[in-house]
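Everything below concerns the one structure shown next.
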Amino acid sequence: MLPLSSEHSATSSPEHPALPEHASPSSTGLPNDASQHPEAPRKSSWLRIVVLILIVGAIGGFIAYRLMHKPATAAGGPGGPGGGRRGGAGQIVPVSFDVATMKTIPIQLTALGTVTAYNTVTLKSRVDGQITRVNFTEGQRVKQGQLLIEIDPRPYQATLSVAQGNLVRDQANAALAQAQAQRYQQLYAAGVVSKESTQTQESTAGQAVGTLAADRAAIQQAQVNVNYTRITSPINGVVGLRQVDVGNIVSAAGSTGLVVITQLQPIAVIFTLPEDQIPAVFQHMRGGHKLMAEAWDRSNSTKLATGSLLTIDNQIDTTTGTAKLKAVFDNADSALFPNQFVNIHLILENRPNSLVIPAAAVQSGNGGSFVYVIDRSQPQTGGGATAGAGGRPAGGGQSAAGGAPAGGSGSSGNTGAESSGGGPVGGGPGGGASSAAGGRRSGGAAGSGPQTNYPVRVAQVVVDSSQGTDVIIKSGLKAGDQVVTDGTEKLQAGSRVVPHPSTELAAARGSRGQAAAGGSPDAGADAFSNGRASDRDPGTPGGPRHRANGTAPTDSTGLTTSHGPNDNRSERGSASAGSGEQRRRPAGAPPTQ
């Protein structure tokens with residue numbers, strides 16, 4: 001047998017004897033051929049599949065856990081009353097509103113002031129001596145000229161007696177000197193004495209007369225010192241805490257006062273205004289016109305007194321750029337007290353026929369100031385989703401309180417009945433007008449049924465001036481327009497709202513003798529509708545709103561209550577004449593026929 005060539009030489013090994021170089025185990029069919037053992041790659045593929053399934057399962061489980069344990073959005077979060085998300089399409093937002101009114105409003109300047117006594121007197125002794133009597137009690141109201149303190153007058157009375165005695169002596173000497181002067185004049189005329197002697201006697205008589213004048217002055221001085229021993233009140237006012245007691249020695253040179261008296265009726269308030277506002281004050285003071293000033297308490301919520309502006313200081317403080325003003329108040333009821341902190345409202349004029357709205361209604365945007373105006377001409381009952389506690393729509397799905405599923409958009413809103421759009425209503429509200437968990441924004445209870453809502457429009461306004469919590473509108477609104485004051489953060493043009501009168505509007509209505517606000521969740525739709533027929537309830541022609549089937553709403557226990565916030569105490573049908581069993585029917589049970 002011929003030997004193989006080098007390029008076809010066989011490789012020998014214990015397992016593969018005499019294999020050529022180009023031969024491979026995969027083509028030989030030998031026991032180590034990889035094609036004969038497919039289990040290894042199959043095991044590796046299955047391992048990768050199992051790991052991938054475990055990873056996907058872990059991710060899915062984590063997502064499911066987060067969805068199941070997702071915390072409810074707070075009421076102040078996005079989409080809630082305090083959030084920044086605007087109401088979306090179909091969402092109904094509960095809001096508070098007020099009415100633009102034409103009225104006379106005062107144009108005023110506000111400033112911080114300090115009450116000061118109209119007059120303040122610190123009594124001091126004018127003479128030295130011992131206090132013998134105190135004739136007042138601390139905090140007493142005293143009159144001008146009333147005796148307050150007495151100092152021992154005896155030393156000064158003695159001085160007065162000496163001066164009076166000197167006067168009597170000198171009067172006698174003066175009479176003698178005058179008589180001698182007259183005799184010398186007669187002798188000189190007769191030529192008996194010289195002219196020099198006569199002039200000497202006349203000079204002596206004149207000195208005696210001068211001594212009398214000095215004696216009288218000494219008597220007056222002594223009398224004044226005696227009077228100074230009796231300290232009286234120079235003004236009408238209130239006595240403060242006394243600094244001395246009976247028996248103390250006081251001195252005219254002492255720096256400590258005996259007592260302080262303050263005049264409180266009238267009383268003054270010193271306040272400051274910026275120098276830019278001073279010209280307007282001068283302009284309104286022309287012709288002797290007195291400006292009215294009002295003093296309000298520290299919180300600027302209670303008016304304490306009404307007075308008038310007295311004067312403006314004659315210079316401006318260059319360090320602060322302000323000028324001091326002084327107002328005077330009668331203070332008959334003693335509402336003001338020295339060093340009390342007050343807010344001053346200086347009324348420049350009363351402007352009639354001003355269109356006024358609350359300052360809370362004015363919003364700012366790129367185009368300037370604007371307000372949301374409620375359009376009462378397009379009412380709609382239900383048909384939307386009221387913003388719940390978490391800002392999620394409550395209608396068309398689960399109720400906001402997490403109760404029974406509400407009916408769809410076609411739900412009639414009647415409790416205890418099957419909705420026309422879906423599942424049973426049960427205890428939750430239907431009609432997609434579900435109230436928020438914990439009640440509506442402006443009163444009422446959850447689960448009260450559909451409410452009448454209205455669209456809002458954006459009105460650009462021009463603000464004339466701001467006066468406290470009110471603003472005067474120059475243009476953009478008309479009297480009677482209803483503007484949103486609370487809940488604007490969730491609105492946009494075209495949003496639908498359930499309006500409720502603001503606290504101020506309800507208080508004003510109560511002061512006019514009308515029913516208190518809050519009895520009906522749709523308050524403001526009828527009471528503030530300006531008489532439009534479109535604002536009345538469509539359920540009963542010319543009548544108030546009432547429930548369609550006469551059944552009562554449910555409370556938090558699942559039992560029906562006799563009256564709900566939407567009933568207005570005017571329910572008709574079987575509920576008005578029904579038995580107690582019917583009124584306490586559990587939620588979800590069919591009404592008794």
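Here are the numbers for the structure shown:
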read-out	value
Total residues in the range 123-138, condition open to solvent by 50 Å² or more (accessible area, probe 1.4 Å) and out of contact with any Leu (no Cβ under 8 Å at 6 or more places or on another chain)	6
Flag if I249 is under 28 Å from G129 (Cα atoms), loosely packed, with under 14 Cβ neighbours inside 10 Å and of a type in the set (A, V, I, L, M)	yes
Every pair of residues 6+ apart whose Cβ atoms lie under 7 Å, when the first sits in the range 192-210 and is closer than 23 Å to Q171 by Cβ and outside the structural domain of A177 (by the TED database) while the second is open to solvent by 80 Å² or more (accessible area, probe 1.4 Å) and modelled with pLDDT of 90 or more	none
Cβ-Cβ under 7 Å pairs, at least 6 apart or on other chains, the range 271-294 side in the same structural domain as D317 (by the TED database), far side open to solvent by less than 90 Å² (accessible area, probe 1.4 Å) and of a type in the set (D, E)	H284/E349
Near pairs, Cβ below 8 angstrom, 6+ apart or cross-chain, from the range 488-508 (part of a loop (DSSP other than H, G, I, E, B)) to any residue that is surrounded by fewer than 23 Cβ atoms within 10 Å (Cβ to Cβ) and at pLDDT below 90	L491/R86; Q492/R86; S495/R86
Criterion violated by G257 - all others in (1) open to solvent by 30 Å² or more (accessible area, probe 1.4 Å); (2) small (G, A, S); (3) not in a strand (DSSP E or B) satisfied	(1)
Residue in the range 228-242 that is under 30 Å from L336 (Cα atoms), modelled with pLDDT under 90 and not assigned by the TED database to the domain that holds S334 present	yes
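The values are calculated or read from the model by the stated rules, or taken from the named source; none is laboratory data. Quantities reported herein were computed from a predicted structural model and do not represent experimental measurements. Quick reminder, even Gly has a Cβ in these numbers, built from the backbone with ideal geometry, and neighbours come from all protein chains shown. Side chains are part of the model used for accessible areas, which takes the heavy atoms of the whole protein and leaves out ligands, DNA and RNA. Shrake-Rupley method; radii C 1.70, N 1.55, O 1.52, S 1.80 Å.
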